[in-house]
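Single-structure report; data block below.
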Amino acid sequence: MAIDPSQLPPEAREKVEKLSQVQEQVQSLARRKQELEKESQEKDKALDELENAEKDRTIYKSVGAVMVRRENSEEVREELKDRLENLDLRIKQVERKEEKMKKQLEDLRAKVQDAIQGGATTGTGGGFGVS
């Protein structure tokens, strides 16, 4: 049974709108985390390939839409390692923010449930679970 937000009291309607915004933020963070993890996997694979490549092999680095020849493979390895470290930090940062937003989402769901049931001041929680 779906609830029409326009039939809710203003306070409950505001909570439902906030809940929707937080759900969108959580989904956005999850997508961002996936993008960062994919990029990290790609960099890790490239680093593995460089580690297994012959030292005198010609290496090209993508710079925008252009491939640039690099003579110093060690420099490229270091750049990849630095990028991987940066990605790992960003992934952890997104994960922390995602967990914080999930907690906020859980709290909002309980408040919305209370508001819908007419018990906004009782603090009884509610039947919504985190998805």
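When the C-alpha to C-alpha distance is required to be over 24 Å, the pairs from Lys45/Lys102; Lys38/Lys92; Lys38/Lys81; Lys43/Lys92; Lys38/Lys102; Lys43/Lys100 that qualify are Lys45/Lys102; Lys43/Lys100. 3J(HN,Hα) along the range 9-18, derived from phi through the Karplus expression 6.51 cos²θ - 1.76 cosθ + 1.60 where θ = phi - 60°, amounts to x, x, 4, 5, 4, 4, 5, 5, 5, 5 Hz, with x in place of Gly and Pro. Angle of helix 73-116 to the longest C-alpha principal axis of the chain, folded into 0 to 90 degrees and rounded to 10: 10°. Per residue, the convex hull spanned by the alpha carbons of the range 8-116 comes to 97 Å³.
The stretch between Asp107 and Glu74 holds 6.9 nm of extra length on full extension. This uses 0.36 nm per residue minus the Cα-Cα distance. Highest mobility in the GNM of the chain, judged by mean-square fluctuation with C-alpha springs under 10 Å and restricted to Val76, Val68, Val22, is found for Val68.
Per-residue Karplus couplings for the range 37-45, computed as 6.51 cos²θ - 1.76 cosθ + 1.60 with θ equal to phi - 60°, are listed in order as 5, 5, 4, 4, 4, 5, 5, 5, 5 Hz, Gly and Pro entered as x.
Read-outs throughout are calculated quantities, based only on the coordinates presented, and are distinct from any laboratory measurement. The shown structure was predicted, so the numbers you read here are calculated from the model rather than taken from an experiment.
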